[in-house]
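A quick write-up on the structure given underneath.
The values are calculated or read from the model by the stated rules, or taken from the named source; none is laboratory data. All values reported here derive from a predicted model rather than from experimental measurement. Neighbour counts run over all protein chains shown; Cβ positions are idealised from the backbone, glycine included.
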Amino acid sequence: MIDLAMEPPAVAAAVSRVVTMRFANAGPDPLSNLVVSLDVPAGLGLEQGRSQFHLERLDPGSLYEHVLRIRPPRPGDFTIDVRNLSFRNGYGAPRRERNRSVDLVVEPAEESLAPTLRASGPPPAAAVPTSIFVSYRREDTELMVAGLARDLGRPKRLRRVNVFLDIRDIRPGTEWSIVLDEELRACSLLVTVIGPKWAERGPDGRAARIHDSHDVVRREIATALERGIPILPLLVKSTMPCAADLPGEIRGLTRWQAFPFDIRNYDSSVEQLARRIRAILADRAASL
């Protein structure tokens, strides 16, 4: 009744990566009060993510994605056992599925990520993982950025690149503003997702949030401009804002060529976006 899948099915060792367990209701009736407990092998190096969670409801044909961040120290074949998967079916009767699991293959770390002995000097730049910071407004494009960040992070699209997304990568109990500042100072590229409500005026015609000096999105763009790192505006059902409509400190955003993302051709758009990001990162690495 519940289909399980792991995405991606394989990751590289010695690298912090996000994996997603997918729970899909393959039956005709809604399920309620789902309780799930996982046994995550210690060899996967779990860094972030819950081993137990609860869902109020899972409708027919719908999908729940449970995110884990891992850093497996060595290659191997691993199995995440679903120790408990209980729920109530469409008639309210309790059910429990047993002996469920998903497999995850940890491949050998790529040679370029392995430590290199040198006579002197710092380690090679390739040993430092590249990172991308995804900036967006939750009321604007939250529904699509989580899936986009996950799909961009697949090994065949952006190898050796960490994709940072706040709703997924900030641990509970940490000061989120400090984490954002650290990621903004370390990232190599800022992807700014601009949807139809990105610069929308507030209720009663009040100024858009982008004109608020405390606006988080504004601060993210301003930091990237100040650092001089590349910025990739990603347009989702929207157009590039005019410089005159932006506060002075981020008008430089309009100098960067935007990427129109076609939701209707999602897979093709993700592939094209990944290629564009790879080219930007390669140009930046060559210029350093």
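Scanning segment 22-40 turns up no residue that is among the hydrophobic types (A, V, I, L, M, F, W, C) and under 23 Å from R157 (Cα atoms).
Report, by residue number, each residue of segment 58-78 that is surrounded by 14 or more Cβ atoms within 10 Å (Cβ to Cβ) and assigned to a strand (DSSP E or B). Selection gives L58, Y64, E65, H66, V67, L68, R69, I70, G76, F78. Screening segment 216-248 for residues that are out of contact with any helix residue (DSSP H, G or I) (no Cβ under 9 Å at 6 or more places or on another chain) and part of a loop (DSSP other than H, G, I, E, B) and picking the one that is farthest from G147 (Cα to Cα) gives G228. Going through (1) under 17 Å from the mean Cα position of the chain (by Cα); (2) modelled with pLDDT of 85 or more one by one, W198 falls short only on (1).
In segment 212-222, is there at least one residue being touching a strand residue (DSSP E or B) at 6+ places or on another chain (Cβ under 9 Å) and exposed (fewer than 15 other Cβ atoms within 10 Å of the Cβ)? Checking segment 212-222: not a single residue is touching a strand residue (DSSP E or B) at 6+ places or on another chain (Cβ under 9 Å) and exposed (fewer than 15 other Cβ atoms within 10 Å of the Cβ).
Candidates A93, A13: the one that is small (G, A, S) and within 25 Å of I132 (Cβ to Cβ) is A13. Is it fair to say V82 is closer than 11 Å to V19 by Cβ and either surrounded by 14 or more Cβ atoms within 10 Å (Cβ to Cβ) or in contact (Cβ under 8 Å) with a residue 12 or more places away in the chain (or both)? Against the criterion (closer than 11 Å to V19 by Cβ and either surrounded by 14 or more Cβ atoms within 10 Å (Cβ to Cβ) or in contact (Cβ under 8 Å) with a residue 12 or more places away in the chain (or both)), V82 does not qualify.
Would you say A14 is in contact with a strand residue (DSSP E or B) (Cβ under 8 Å, 6 or more places away or on another chain), outside the structural domain of D169 (by TED's automatic domain parsing) and under 19 Å from R154 (Cα atoms)? In short, no.
Listed by first and then second residue, the pairs with beta-carbon distance under 8 Å, at least 6 apart or on different chains, first residue in segment 255-281 and farther than 25 Å from C242 by Cβ, second of a type in the set (S, T, N, Q) and outside any helix (DSSP H, G or I), are L281/T130; L281/S188.
Which members of segment 1-26 meet the condition of being more than 18 Å from G76 (Cβ to Cβ) and either under 23 Å from the mean Cα position of the chain (by Cα) or without any contact (Cβ under 8 Å) to a residue 60 or more places away in the chain (or both)? Residues satisfying the conditions are D3, L4, A5, E7, V18, T20, M21, R22, F23, A24, N25, A26. Filtered by the rule that a residue be in a loop (DSSP other than H, G, I, E, B) and over 13 Å from the mean Cα position of the chain (by Cα), segment 156-186 gives K156, R157, R159, R160, R171, P172, G173, T174, E175. Across segment 3-43, the number of residues qualifying as part of a strand (DSSP E or B) and not aliphatic (A, V, I, L, M) comes to 11. Of the candidates R284, R264, R251, the single residue that is touching a strand residue (DSSP E or B) at 6+ places or on another chain (Cβ under 9 Å), in a helix (DSSP H, G or I) and either of a type outside the set (A, V, I, L, M) or not assigned by TED's automatic domain parsing to the domain that holds S135 (or both) is R284.
Figure legend. Inter-residue proximity from segment 155-176: first residues on the phi < 0 side of the Ramachandran plot and assigned by TED's automatic domain parsing to the domain that holds L273, second residues part of a loop (DSSP other than H, G, I, E, B) and hydrophobic (A, V, I, L, M, F, W, C), beta-carbon distance below 7 Å, spacing 6+ or different chains. Indicated pairs: F164/C187; W176/I170. For segment 111-127, the criterion of a residue being at pLDDT 85 or above and either outside the structural domain of N33 (by TED's automatic domain parsing) or in contact with a His (Cβ under 9 Å, 6 or more places away or on another chain) (or both) is satisfied by no position. Within segment 231-246, the set of residues being buried (at least 16 other Cβ atoms within 10 Å of the Cβ) and in contact with a Lys or Arg (Cβ under 8 Å, 6 or more places away or on another chain) comprises just one member, L232.
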